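Working notes for the structure below.
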Amino acid sequence: MDYKVDHIGIAVNSLKTSIPLYERLLDSKCYKTEQVSGEQVDTAFFLQNGAKIELLESLDPNGVIAKFIAKKGEGLHHIAFEVPDIQAEMERLKNEGFTLLNEAPKLGADNKWVCFVHPRDTNGVLIELCQTKA
Ligand code: ZN
């Protein structure tokens, strides 16, 4: 397997302050914002030579991103790998003993099917698999 890192997800309190911060940091413009209602998050994307940075702000005080920030503070939330066949990869990881956080691929930001792997099985890093929706 030779997966490309699609994006790195960063949990933030406020896109309103974090978008200009990352625009200054990367010296590039946020090219897209998108609300993912299923996940109760607002997202903002930056492109860095093929890899993306995804900023995530919770829309719900009890949402996963709000809970993450309450526990750990703002910061690195997940690393996402683009896979050619998410269903097959989910099957492979399940057979390898990894815990998947969703049984079936679900719709994520950026027109992608996504699945998350529990961080307790991956040295504390939440891993996202994603496949661009046909
Ligand atoms: Zn992501």
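For this structure, a couple of remarks:
- Formal net charge of residues neighbouring Asp121 (Cβ-Cβ distance under 13 Å; K, R +1; D, E -1): +1
- Span from the the stretch 41-59 Cα centroid across to the the stretch 74-90 one, whole angstrom: 14 Å
- Compactness of the chain - radius of gyration and Dmax, Cα, Å: 14.5, 43
- Summed residue charge, Cβ within 13 Å of Leu101's Cβ, Lys/Arg positive, Asp/Glu negative: -1
- FRET efficiency for Leu101 and Glu23, using Cβ-Cβ distance with R0 set to 35 Å, rounded to 0.05: 0.65
- Ranking of Glu34, Glu54 by neighbouring Cβ atoms within 10 Å, starting from the fewest: Glu34, Glu54.
FYI, it's all coordinate maths here, none of it is from the lab. Just so it is clear, the model here is predicted, and its values are computed rather than measured. No Cβ is skipped: glycine too gets one built from the backbone with ideal geometry, and neighbour counts run over all protein chains shown.
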